[in-house]
Amino acid sequence: MYKVTTKSGQEFDIKFEKEGFVINDKRSNWDIIKIKDKLYQIIFEGKSFEAELLKIDEENKIFFLKINNKPIELKVENDYDRLLKQLGMDKALTKKANELKAPMPGLVLRISVEEGQTVKQGDSLLVLEAMKMENVLKSSGDGKIKSIKVKPGDKTEKGQLLIVME
């Protein structure tokens, strides 16, 4: 199931099934025809719409569309995204001051970097066990490891500083 949120805050639960899809527990019928690259004709509940895909922000899962020439932004979250948000892991890395903080209480299993090491965005920094799951915490950007504040076996609290980058 997907939760789709508009910029104005409207939310829709969408579930895809063999017979069509369900929006907010109501079965819906639709047809889609590709007119050309990124331009589609959609027939939904007997009404026709022209939809153009302008851009996709993959990191934040936001789709920028034009529907009948009206700009629309849709944020799409799947069940996994919502679970991470519930567990406080959707913002595991802070953007400011290049710090990695614990997204929740846990146990440091492994540290994948050393002080002085250069890292790129998306590189694994450490593995934190929380709720019997291993969570790989990654770098939010390029940088150099200034200091590591924990070691394998350390217990952490939510928000605890783990790694400082420069």
**Item:** Qualifying positions in the stretch 130-166 - in a loop (DSSP other than H, G, I, E, B), modelled with pLDDT of 90 or more and touching a Ser or Thr at 6+ places or on another chain (Cβ under 9 Å)
**Value:** 150
**Item:** Within the stretch 11-56, considering residues that are among the basic types (Lys, Arg) and in a strand (DSSP E or B), the one farthest from residue 79 (Cα to Cα)
**Value:** 36
**Request:** Only residues that are surrounded by 13 or more Cβ atoms within 10 Å (Cβ to Cβ) and in a loop (DSSP other than H, G, I, E, B): list them for the stretch 109-124, please.
**Result:** 112, 113, 117, 123
**Request:** Return yes when residue 127 is surrounded by 14 or more Cβ atoms within 10 Å (Cβ to Cβ), modelled with pLDDT of 90 or more and in a loop (DSSP other than H, G, I, E, B) and no when it is not.
**Result:** no
**Message:** Among the residues of the stretch 33-56, are any under 18 Å from the mean Cα position of the chain (by Cα) and either farther than 30 Å from residue 122 by Cβ or not assigned by TED's automatic domain parsing to the domain that holds residue 122 (or both)?
**Reply:** yes
**Message:** Is it the case, given these coordinates, that residue 72 is in the same structural domain as residue 55 (by TED's automatic domain parsing), surrounded by 12 or more Cβ atoms within 10 Å (Cβ to Cβ) and in contact (Cβ under 8 Å) with a residue 40 or more places away in the chain?
**Reply:** yes
**Prompt:** Which residues, taken from the stretch 22-54, are of a type in the set (D, E, K, R) and under 21 Å from residue 9 (Cβ atoms)?
**Reply:** 25, 26
**Message:** Tell me whether the stretch 28-49 contains one or more residues that are aliphatic (A, V, I, L, M) and either at pLDDT below 85 or loosely packed, with under 11 Cβ neighbours inside 10 Å (or both).
**Reply:** yes
**Message:** Tell me yes or no: at least one residue of the stretch 15-35 is under 30 Å from residue 148 (Cβ atoms) and among the polar types (S, T, N, Q).
**Reply:** no
**Asked** Quick one: in the stretch 1-27, which of the residues that are exposed (fewer than 13 other Cβ atoms within 10 Å of the Cβ) and in contact (Cβ under 8 Å) with a residue 60 or more places away in the chain is farthest from residue 49 (Cα to Cα)?
**Response** 1
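The values are calculated or read from the model by the stated rules, or taken from the named source; none is laboratory data. The structure presented is a predicted model; accordingly, all values stated were derived computationally and were not measured. Ideal geometry is used to build each Cβ from the backbone, glycine not excepted, and the neighbour counts take in all protein chains shown.
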